[in-house]
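All remarks here apply to the structure that follows.
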Amino acid sequence: MVPSVTIKKDSISFTYDLFSSYLSIGQYTVEKNTLTMTTNDDNYKYVFQVEDNKLIFKANKSSEVKLINTKLGIEIKNDSVFKLAIE
């Protein structure tokens, strides 16, 4: 599975671990060039810098992103780049 960020009109999802049963779905705000996602249960926050059609993950401002099995996934690090997927 390739990590992804999907933005819909009123929601956002951040998928990064195939083995996690937690669904990172929530709301988002955009201020200047920063997109901030907060999960619906308010337990997690993820921050991305918006640059052209890319989102750049800011680990130092976000909740921890950790794979359950590092051999079966792509590790998300600070400044990981996501192509924007809008549905």
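Yes or no: Val81 closer than 25 Å to Lys9 by Cα and touching a helix residue (DSSP H, G or I) at 6+ places or on another chain (Cβ under 9 Å)? Steps first, answer last, please.
Working: closer than 25 Å to Lys9 by Cα: yes; touching a helix residue (DSSP H, G or I) at 6+ places or on another chain (Cβ under 9 Å): no.
Judged against the criteria, Val81 is not a match.
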**Request:** Please specify each residue of segment 5-31 satisfying the condition of being free of Cβ contacts under 8 Å to residues at least 40 places away in the same chain, β-branched (Val, Ile, Thr) and surrounded by 12 or more Cβ atoms within 10 Å (Cβ to Cβ).
**Result:** Ile12, Thr15, Ile25
**Fill in**
Counting only residues that are over 14 Å from the mean Cα position of the chain (by Cα) and either under 19 Å from Lys83 (Cα atoms) or touching a residue at least 24 places away in the same chain (Cβ under 8 Å) (or both), segment 32-54 contains a total of 5
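Could you tell me whether segment 56-64 includes any residue that is part of a strand (DSSP E or B), touching a residue at least 12 places away in the same chain (Cβ under 8 Å) and within 14 Å of the chain's Cα centre (by Cα)? If you could, list the steps in order and put the result at the bottom.
So the first thing to find is which residues in segment 56-64 are part of a strand (DSSP E or B), and the list is 56-57.
Narrowing further to those that are touching a residue at least 12 places away in the same chain (Cβ under 8 Å): 56-57.
Of the ones still in play, those that are also within 14 Å of the chain's Cα centre (by Cα) are 56-57.
Taking every residue of segment 56-64 in turn, at least one turns out to be part of a strand (DSSP E or B), touching a residue at least 12 places away in the same chain (Cβ under 8 Å) and within 14 Å of the chain's Cα centre (by Cα).
Here, each number is a calculation from the coordinates, and none is a lab measurement. If you're wondering where the values come from, they're calculated on a predicted model, not measured in any experiment. With ideal geometry, Cβ positions are generated from the backbone for all residues, glycine too; neighbour counts draw on all protein chains shown.
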